[in-house]
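In what follows, a single structure is set out as structure tokens and then discussed.
All of the numbers you see were taken from the coordinates with simple rules; none came from a lab. It should be emphasised that the depicted structure is a prediction, and the values quoted were computed from it without experimental measurement. Heads up, the Cβs are rebuilt from the backbone with ideal geometry, glycines too, and the neighbour counts pull from every protein chain shown.
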Amino acid sequence: MKQDALLLNPRLQSGTALVEFAIALPILLLLMLAVAELGRCLYQYNSLNKQVRNAVRYVSANARVGSTGVIDISDEVRSTAKHLTVFGTLSNDQELLPGLSIDDVIVEETTPEYVLVTVDYDYQPMISYALPTFGLGDDLSLGLTLQASVVMRAI
């Protein structure tokens, strides 16, 4: 009975909440960082898809369809579509996604009627490219390749 009275004494429980908080804080911070990283990745993937759709619309509207019905994409249309994908507009020289370059964009004809724009983008995490395993094996890579590809019929 005396032991139960000691456990209920508030003076003996004074640091318990602080210790529990110190144990839970790293886990909560890691969870919060993971959610923020996932949200950032989804935002960049959505931006990439939007830019690829805009570029394929431009190519489909400006590709020349010959008398045989075969699409001919000029070098000017290709370079403009790549610039639209990377920078968003023709007048902007600031890339929309960090590390995205014109070399990552592929513009091509797939069949006689369709055009394709594809981008392979290496996602750059906020924290680092790998999580250390502290000697328990190879580090866990956080690098991700986001791929956006859109096909559209040429007009």
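Computed values, structure above
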{"item": "Added length on full extension, which subtracts the Cα-Cα distance from 0.36 nm per residue, Ile106 to Asp93", "result": "2.8 nm"}
{"item": "Mean ellipticity per residue at 222 nm, deg cm²/dmol - from DSSP H runs of n ≥ 4 across the chain, formula -39500 (n - 2.57)", "result": "-15000 deg cm²/dmol"}
{"item": "The stretch 17-117, relative contact order in percent, only Cα pairs under 8 angstrom and at least six apart counted", "result": "23 percent"}
{"item": "Charged-residue dipole, Cβ positions (Lys, Arg, Asp, Glu), the chain about Cα centre, Debye nearest 20", "result": "660 debye"}
{"item": "Most fluctuating residue given options Val65, Val77, Val52, as computed from a GNM of the chain linking Cα atoms under 10 Å", "result": "Val65"}
{"item": "Among 32-45, 125-138, the order from most to least packed when residues are scored by Cβ within 10 Å on average", "result": "32-45, 125-138"}
{"item": "Relative compactness, the chain, computed as alpha-carbon Rg over 2.2 N^0.38 Å", "result": "1.78"}
